[in-house]
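Okay, structure first, notes after.
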Amino acid sequence: MCMGRGWCSLNGCSCDVGFYGDMCEITKLAFMAFLSQSFSGPSLPLRLFHTLHGATLGLSCGLLAEGKALVFNGGPYRELVTTHLDTTVAKFLQFTLRLGTTSGSSCPAPDHSKEGVLLDFSTNNGLTWQLLAHYHPAHYHEPRIVSLELPSIAQHNGMQLRWWQPHHSGEGQDVWALDELTVTSTMYSAIYLDFSDLLETTDVLSFFRGQLQPHCGHDSALSFTGETWEGVRYVETQSLAVSSSFMLQFEFVANCDSLRNFHQMNPVRLEFSTNHGLTWSLVQQKCLPGMPSCDEFRAASEFYPSQFKQWQRVTMALPAHCWSSSTRFRWQQGPTSGGKGDMWALDDLYIGQACPAFCHNHGHCNHGTCRCDEGFVGSECLPREWSTPQFLHCDFESAASLFDNWIEVAGGNITRPEEGCGLVTAGSALFFHKDGVRHAVTRDFDTSRADFVQFTVHIGGNSVTCNIPDRREEGVLLQFSTNGGISWRLLIELYYMDYSMPRFVHQELPTAARGPCTRFRWWQPQHSGDNKDQWSIDSVIISSSHALNFVPPLSSSSYQSYQSEFPAALSDAPVWLDTANEGMPDEQPFCSPRDSALVFGKSDGDRFAITRDFEVLPGFVLQFQLNIGCDSVFKTLGSVHVQFSCDTGRSWSLVQKECYPATLANQGCEGQSRKLHEASVYPAGIFPHWTRVTIPLPHTTANRKTRFRWFQHSSMEKVSPPFALDQVYVAHPCPMDCAEHVCSTDSGETCVAVSSPISDWVDSQNAVDRFEGSEPGPLWKHIHGGRLGGGCGQLGDGVALYFSGAGKREAVTVPLDTSNIRMMQFYIRIGSQNLGAACLKAKARNEGVVLQFSRNGDVSWSLLRELDFASFLEPQLVTLELPPAAKGVATYFRWWQPQHGRSGAQWALDDVLIGVNDSSLQNLQDKFEKPGEDGATWFRVEGGHIQSGCSTNGHVLLFDSNSEKARLAETWDVHVSSSTFLQFELSMGCGRPFSKKAPVELQFSVNFGRDWQLVRQGCVPPDIGCTHYETSSVYQPGWRRAWSRIMLYLPYTSISSRTRFRWIQHSFSPGRDVWALDNVYIGSGCPWMCSGHGACDEGQCRCDMGFKTPYCVPLLPLPYLLKETFDSELKPDLWFEVLGSEIGQLNGQLISSGSALIFNKDGLRMLVTKDLDCSKVLYIQFTFCFLGEGPSQRSNGVLLQFSINGGISWQFLEELYMPSSTRKQLVTITLPHGAQTNATRFRLWQPRHKGKTNAPWTRCFA
């Protein structure tokens, strides 16, 4: 294509003037060899540029360098193309670039990567372009100096450069600007020196008492040899224009001459100045724990001799306070106290455009391009694949371990325990005690698959020679770096006061610390000097929970069944290292013998069994079977302690320390966590039978050499009960921890069944125990420290599960299928205010009760709720909704009191229920036909039971308890819709005396029984806001003494997928005020609610006599006339209900003619007719008067209502009250059309009155 400089013809290229050659690749023209443009003039010099689109000179994007800049804010095309340049000599391109601003409206920044700027070059007159760089908008919101070394293919006579923006949002949007454009053979505002040329060095540096010479293995360096001199020594750069894209890199060494005595506390300081050297400040200020506004902890830019025994590369991103158009840097060491000064040197100095990712500190940066170290490749100098190790295990038992795994250890060395501050884990440790910098830096690791770092640390000590630090800055920081140590991020701060004793640390690696090139640093920011504030680390592991790369000393897992002959079996069992007092005295058999068990019953000192060392990985479990003397009586003597040791048995710790609600966090347990548990100490009385114990091993046990010990202390005065051990397993857990099974390694990690299948466990529908029998029910797997009793008073009905035992106090359920269970409920009381020694008040948080669940065979427990020790001094009903984590096919629940003493609080549990389904009942019906079977319908029944009686031939739910607790019947949750109704039969008193202060309320709840409200609130004059007047669902004494059917529409507030109902009698006289329920139905199956003339039975109407299915309408026409003068006894065929009245004359007054029906009694005053055929009735008429003194009030008025559905609902006809007269009146009311049906009943009802003979009224009906 003739290189874009000629015409292509059949005879070849016809070159433009000044070009020749077969491809027009040769020119006689002299192009510009250099380009420099600051855009500060009044107009753009077009001779320097071939093309310009969409740009103007101005300050719209602020000051980039000096004066104006070339601002690209036009459209639609934005590009700048230079004239042809001869770059055969020019090697560098430099310019200042800004892509919008985040503030202000004159230079809006691009907001998408495709709106960035591309830099291209062309060597064929713009025919094709090759990409040099892409500048992302997010990185150039501030002006940045960009420096590039031109690639060899761009060093061409006739080369052009192009800046262009492929996409933008239109004129005035996604603006960018250029300034200080230079193409040159020498880079401005950059320094790159290898100190091989004295003239080149002195052009950009000035130094005092230094010289260029070979130093510590480098052929040439700027060396300060340390001859006698008491002044300041320094090296200082010329002034540079430094921007946000700059970095600083150099190599430094301070004391490679090991024979010289260095001044450890006289560092070389790296400083900067932006005012031509008038004042100087550290390039990097220190940021230590306790200082405010620290983003990350770091040291100052001071270089101590103890840290730089060999050449080390230092790479720094220059912070913002170093940016200016005139910045100088200097390395300076102050005067020494006499004698020869310290020796130090600089080499390979670079200050300029930052390389990608700063070369990860694994390469030299040269004008924006990385020259990688051996083993590192790519534009960012990343390690070659598989070239870095993935895991680390270092126990510091040899000096070789330092050379293999650590690139730098300053201020410390490997020491034996007697040489340092004592034993850390086992054997030697890395002990830091020297003057100067104290840190340990690992080599780079590929942590992509690693997920934790763990180690043991000891800070200070309690001896004269090992003091505990007294400031936060003297603690130890564990940090990580993913860029070769350029910057460090905090992993964990090891607080100076928390590690005065050796302490294991296991730290999960965050996502940011997982990558192909991560190193770790243990660093003590400050200390008080030589042999002060010492610290040690040991057993450092960086690994994955699933893979370690070292060979265990013994099998990683063990499953052992033992033979009966001892000690011969010991030689056949490689698992055991040592035992003591194994076997029974005088050849006696163990109380529960097994051929495979290891028995400890002799009394010649302590009894124990110690395993050999195992490689224990994070996530392992320890499982075994234990029997302590077949004794069910708790004894403090003879507890078996399960312990571990990682230092060949020199020290022992409990495998599992207690974690109680009030346990302090610095004891390795966060009491607010979801995993509260007891210690691995097992007292006699808890294990009367062979019991399997599974312990998830904590991180503290994870070690290459971990051994376990079962230990029972033996007293010289009292003999501890024997104990036996069997089926020990140490390895990864089996699936779901085997639940009710044993783990075995016979064919891999599998579960061996040892108990009944899940199908034989208690059905969660019946997971209830009200403790009504002589023993707790089948709900419980085991109960420790508890029995049925009333020591804490009455919680529900009768006795409760009362915990007062001397030992462990807990109740654990059998596994339950809670997959579709929503909630659990129980009564609990923890101590009391006034029940004396049998139910003492709790004094501490750990005397409360913890409710937990387990889905792995009660191996580990998760918290459901902490029942506070001070909040349950009275019996309380606790209702809990099960979280998703507690739902499964085999879930255990546990009530557990972590601590108590001789004067500790007792507690009691009652009416435990686990079983409200996630799906509610659609319909609910109970005819009470079978005594004792109320679980499917009733959530809770208190004070009542199913029995025959109460004037019926069948069974009813009769409430006649003598308890002082409320009598109630509470349903399960029911799905209530707008068509759901409620029907029941009620008898108040069952023919016995009934107090007027013992009503029964019908209530509903839509939140699992936490809050209750009346099904029918009641509305009577003069109340306002009523749609109609009605009685409430509070059934008063004196009403419903005979059996009555009650049917109710349900209020809209009761509509929900989880509504429950209850009948409750709060107050009553014990043995009296009885009442009964029968034929309860909640649903929507029966049409027209059986018109109020029948009972709904399984969705079908069972009609009353005289009414026919399916709607229970009259079988024959009803009477259409009702006439009553009340001169004799009431005619029962006319009246459905007469309450609060008598026939007679009040004080001899004649009401009409003869006697009248006078309403003057306590309680409800109501007169209800039988149903009448009113289809042709036109009016109702009666004589009415108030008999009290003075006019009546509206609140004491009488309502006349009618019902066309058998009394289910009532509609208003008339309100009767006489505000101005007490004279009798003849009341005549025309019936509305809605009352003219074939089955209409009427009622006169006085909702309110002030008692007997107060506001009496009378009527004569005609």
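Amide H contacts of Ile468: Gly461, each under 5 Å away and 5 or more positions distant or on a separate chain (H built 1.01 Å from N in the peptide plane; Pro and chain starts excluded). Heavy-atom surface analysis with a 1.4 Å probe gives the chain a carbon and sulfur content of 50 percent of its accessible area. Charge tally for Asn73 (other residues, Cβ to Cβ under 9 Å; Lys, Arg +1; Asp, Glu -1): -1. Couplings 3J(HN,Hα) of the stretch 874-879, computed from phi: 10, x, 9, 8, 10, 10 Hz, in residue order, whole Hz [Karplus 6.51 cos²θ - 1.76 cosθ + 1.60, θ = phi - 60°; x for Gly and Pro].
With the Cα gyration tensor of the stretch 368-516 giving a ≥ b ≥ c as the square roots of its eigenvalues, does the rule (a/c under 1.5 for rounded; else a/b larger than b/c for prolate; else oblate) give rounded, prolate or oblate? If you can, show how the numbers build up before the last one.
On the way: a/c = 2.05, a/b = 1.87, b/c = 1.10.
Verdict is prolate for the stretch 368-516.
Checking [x] 1.32; [y] 1.41; [z] 1.05 against the coordinates, the calculated Cα Rg over 2.2 N^0.38 Å falls under label [y]. Ranking Lys927, Lys657, Lys28, Lys68 by solvent-accessible area of protein heavy atoms (1.4 Å probe, all protein chains present), from largest to smallest, gives Lys28, Lys657, Lys68, Lys927.
Can you pull out the chymotrypsin sites (Phe, Trp or Tyr not before Pro) in the stretch 16-59 whose DSSP state is coil and whose Cβ has at most 14 other Cβ atoms within 10 Å?
Taking the stretch 16-59 and a limit of 14 other Cβ atoms within 10 Å, the loop chymotrypsin sites (Phe, Trp or Tyr not before Pro) found are Phe34.
Shown are Ser903, Ser1054, whose ranking by accessible area with a 1.4 Å probe and every protein chain present, most to least, is Ser903, Ser1054. Each residue was assigned an accessible area with a 1.4 Å probe, and for Asp203 the value is about 100 Å². Between beta-carbons, use under 11 Å as the cut-off and find the net charge around Cys466, counting Lys and Arg +1, Asp and Glu -1. My count for the surroundings of Cys466 gives 0.
Measuring between their Cα centroids, the stretch 996-1047 and the stretch 358-386 lie 83 Å from each other.
Adding -39500 (n - 2.57) for every DSSP H run of four residues or longer, then dividing by how many residues the chain holds, sets the calculated 222 nm ellipticity at -500 deg cm²/dmol. Between the listed residues Val540, Leu835, Gly583, the Cα displaced farthest toward the positive end of the dipole of the chain, a dipole computed from Cβ unit charges relative to the Cα centre, is found at Leu835.
Here the 3J(HN,Hα) profile of the stretch 900-906, calculated from phi with Karplus coefficients 6.51, -1.76 and 1.60 at θ = phi - 60°, is 6, x, 4, 10, x, 6, 8 Hz, Gly and Pro shown as x. Since only Ala357, Pro618, His433 are under comparison, the one whose Cα sits farthest along the positive direction of the charge dipole of the chain, derived from C-beta charges on Lys, Arg, Asp and Glu, is Pro618.
Classify the stretch 825-880 as rounded, prolate or oblate from the Cα gyration tensor: take a ≥ b ≥ c as the square roots of its eigenvalues, call it rounded if a/c is under 1.5, otherwise prolate when a/b beats b/c and oblate if not. Because a/c hits 1.5 or more and a/b exceeds b/c, the stretch 825-880 counts as prolate.
Farthest toward the positive end of the dipole of the chain, out of Ser804, Met23, Phe455, is the Cα of Ser804, where the dipole comes from beta carbon charges about the Cα centre.
Annotation: amide H of Leu637 has no partner in the under-5 Å range at sequence separation 5 or more or interchain, hydrogens built in the peptide plane. The amide H of Met159, built 1.01 Å from its N in the peptide plane, has Leu85, Thr87 as neighbours under 5 Å, considering only residues 5 or more places off or on other chains. Taking all protein chains together and rolling a 1.4 Å probe, His1066 ends up with roughly 100 Å² accessible. In order along the stretch 384-392, phi translates into HN-Hα couplings of 4, 4, 6, 7, 9, x, 9, 9, 9 Hz, rounded to whole numbers, per the Karplus curve 6.51 cos²θ - 1.76 cosθ + 1.60 with θ = phi - 60° and x for Gly and Pro.
Under the rule a/c < 1.5 gives rounded, and otherwise a/b versus b/c splits prolate from oblate, where does the stretch 304-374 land using the Cα gyration tensor? Oblate is the answer for the stretch 304-374, as a/c is 1.5 or above yet b/c matches or exceeds a/b. Enter the accessible area of Ile783 (Å², nearest 10), with the probe set to 1.4 Å and all protein chains included. Accessible area of Ile783: about 50 Å². Taking Cα centre as origin and charging only the Cβ of basic (Lys, Arg, +1) and acidic (Asp, Glu, -1) residues, the dipole magnitude of the chain rounds to 4380 debye. For the stretch 365-411, chymotrypsin sites (Phe, Trp or Tyr not before Pro) meeting the loop criterion (DSSP other than H, G, I, E, B) and having at most 10 other Cβ atoms within 10 Å: Trp386. Among the chymotrypsin sites (Phe, Trp or Tyr not before Pro) within the stretch 678-726, those in coil by DSSP and having at most 16 neighbouring Cβ atoms inside 10 Å are Trp690.
Sorting Lys1170, Lys996 by accessible area puts them as Lys996, Lys1170; the probe is 1.4 Å, largest comes first, and only protein heavy atoms count.
The values are calculated or read from the model by the stated rules, or taken from the named source; none is laboratory data. Everything quoted here is computed from the prediction, not taken from an experiment. Note that each Cβ is placed from the backbone with ideal geometry, even for glycine, and that neighbours are counted across all protein chains shown. Accessible surface areas use protein heavy atoms only, side chains included; no ligands, DNA or RNA. Shrake-Rupley method; radii C 1.70, N 1.55, O 1.52, S 1.80 Å.
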